[in-house]
Amino acid sequence: MSENTQDILIKEAAAAAAVSGSLFSTFDIIMLVVLFGAAVWWLYSSRKDNKKDDLLLSKYSIQPAATIEVTENSFITKLQSSGRSLVVFYGSQTGTGEEFAGRLAKEGIRYKLKGMVADPEECDMEELAKLKDIKNSLAVFCMATYGEGDPTDNAMEFFEWLKNGDPDLTGVNYAVFGLGNKTYEHYNAVAIYLDKRLEELGATRVYELGMGDDDANIEDDFITWKDKFWPSVCEKFNIESTGGRRVNKTI
Ligand SMILES: Cc1cc2nc3c(=O)[nH]c(=O)nc-3n(C[C@H](O)[C@H](O)[C@H](O)COP(=O)(O)O)c2cc1C
Ligand SMILES: *[C@@H]1O[C@H](CO)[C@@H](O)[C@H](O)[C@H]1NC(C)=O
């Protein structure tokens with residue numbers, strides 16, 4: 001705004017004020033203009049600051065769920081963007097299954113299978129069919145059984161989908177390790193069902209179903225299973241097995 005127009009505006013406003021009974025003096029009007037200008041400037045600059053904060057925050061924190069929900073729940077996208085090919089799902093109530101899943105995911109790196117753990121409740125499990133698009137990919141399931149042979153709370157939805165749906169899982173590699181307690185009538189029922197159902201839906205079992213008995217020694221059962229599971233996976237994927245030891249290929 002040039003000084004001229006500002007002057008004219010102020011004079012006009014003053015004139016208007018004079019007409020309307022001199023409610024405002026010229027000084028009042030100048031003050032109002034100055035305050036208004038300051039308010040506009042303040043609003044504008046604080047908005048710029050907010051933008052800067054948003055940018056910083058987006059780097060370090062979780063973004064609002066609404067905008068990225070789709071990608072957040074996509075374990076396929078997560079696998080692809082982090083160069084992983086192994087996903088270990090767990091159905092766990094008191095943490096044993098989750099712990100086993102974590103160990104498997106970590107061990108994968110020894111066999112050139114970079115892994116990640118995933119809670120089926122947090123994932124869009126319908127994406128399972130897309131796993132075949134990732135080279136040498138594998139889904140492992142560490143699933144506990146409860147109640148009348150029921151899945152854990154976090155695996156409930158996944159099981160309903162498997163039972164009622166009819167997805168084509170052709171080309172999806174999988175293995176199941178079950179957690180149970182032999183003193184229950186429905187011993188490892190969830191793992192037994194899952195192992196059978198995935199095959200029915202066209203998926204490829206890379207290693208036989210493992211069953212852990214919490215009434216004996218479930219840790220031993222798990223170790224015995226995984227020590228045969230890894231060589232079998234390596235053979236299927238043509239990965240040079242190192243017997244569990246890392247091989248340093250740089251000479
Ligand atoms: C209340 C209760 C019910 C259970 N029901 C079964 C069952 O029906 N069949 C079975 O094989 N194991 C059953 N178990 C054993 C658990 O599956 C086993 O302890 C498992 O290791 C728990 O894994 P988590 O720690 O990952 O939840 C049951 C355990 C509890 C405490
Ligand atoms: C297995 O189940 C039996 C019967 O409920 C129970 O006595 C035992 O403590 C359970 N074992 C474990 C390790 O929870």
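The values are calculated or read from the model by the stated rules, or taken from the named source; none is laboratory data. Just so it is clear, the structure is predicted and the values come from calculations on it, not from any experiment. No Cβ is skipped: glycine too gets one built from the backbone with ideal geometry, and neighbour counts run over all protein chains shown.
Evaluate the stretch 153-173: report whether one residue or more is within 16 Å of ligand 1 (Cβ to nearest atom), under 24 Å from the mean Cα position of the chain (by Cα) and either among the aliphatic types (A, V, I, L, M) or at pLDDT below 95 (or both). Working first, answer last.
Just the residues of the stretch 153-173 that are within 16 Å of ligand 1 (Cβ to nearest atom), to begin with: 153-156, 158-159.
Checking which are under 24 Å from the mean Cα position of the chain (by Cα) leaves us with 153-156, 158-159.
With the extra rule that they be either among the aliphatic types (A, V, I, L, M) or at pLDDT below 95 (or both), the set shrinks to 155-156.
The answer is yes; a qualifying residue exists.
Here is a check on your reading of the model: is Ala129 within 16 Å of ligand 1 (Cβ to nearest atom), at pLDDT 95 or above and in a helix (DSSP H, G or I)? So Ala129 does not fit the description; no. For beta carbons closer than 7 Å, sequence separation of 6+ or different chains, a first residue in the stretch 144-173 that is over 11 Å from Glu126 (Cβ atoms) and a second that is of a type in the set (Phe, Trp, Tyr) and near ligand 1 (Cβ under 10 Å from one of its atoms), the qualifying pairs are Thr152/Tyr146.
The condition of being more than 19 Å from the chain's Cα centre (by Cα), touching a residue at least 60 places away in the same chain (Cβ under 8 Å) and within 16 Å of ligand 2 (Cβ to nearest atom) holds for Thr96. The C-beta contact set for the stretch 197-220 (first residue part of a helix (DSSP H, G or I), second residue away from ligand 2 (no atom under 16 Å from the Cβ), distance under 6 angstrom, 6+ apart or interchain) comprises Arg197/Leu162; Leu198/Tyr174; Glu199/Arg205.
The residues of the stretch 122-168 that are surrounded by fewer than 16 Cβ atoms within 10 Å (Cβ to Cβ) and on the phi > 0 side of the Ramachandran plot, listed by number, are Asn136, Gly147. The single condition among (1) surrounded by fewer than 17 Cβ atoms within 10 Å (Cβ to Cβ); (2) acidic (Asp, Glu); (3) modelled with pLDDT of 95 or more that Glu69 does not satisfy is (3).
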